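Following: one structure in structure tokens, then a few remarks.
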Amino acid sequence: MKVIYDPETDILTIILQDSPVAESDEVQGGLIIDYGHDGCVVSIEMLDASEHVGYHL
């Protein structure tokens, strides 16, 4: 697992698998789940992360 925060775009990405993304679904405003070809979650992206995370990024 790898966690990346980009302060320029204010996007927090949690990479669970090092696999290509086959499909993405915005499950809630600004919360995007990426799925691999096997249907398993590959990564999670949070837009405007500094507004949603309880501690300073």
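The values are calculated or read from the model by the stated rules, or taken from the named source; none is laboratory data. Keep in mind that this is a model prediction, so the values were computed, not measured. Backbone-built Cβ (ideal geometry, glycine too); neighbour counts: all protein chains shown.
Of note:
- Of the criteria (1) under 18 Å from residue 6 (Cβ atoms); (2) in contact with a Leu (Cβ under 9 Å, 6 or more places away or on another chain), which one residue 21 fails: (2)
- Leading residue by the ranking (modelled with the lowest pLDDT) among those in the range 43-57 that are outside any strand (DSSP E or B) and of a type in the set (Gly, Ala, Ser): 54
- Among the residues of the range 1-27, the ones that are basic (Lys, Arg) and not in a strand (DSSP E or B) come to 0 in all.
- Residue match in the range 30-42 (condition: touching a Leu at 6+ places or on another chain (Cβ under 8 Å), touching a residue at least 24 places away in the same chain (Cβ under 8 Å), crowded, with 16+ Cβ neighbours inside 10 Å and outside any helix (DSSP H, G or I)): yes
- Inclusion of residue 27 among residues that are under 10 Å from the mean Cα position of the chain (by Cα), surrounded by fewer than 11 Cβ atoms within 10 Å (Cβ to Cβ) and either at pLDDT below 95 or of a type in the set (A, V, I, L, M) (or both) is not warranted.
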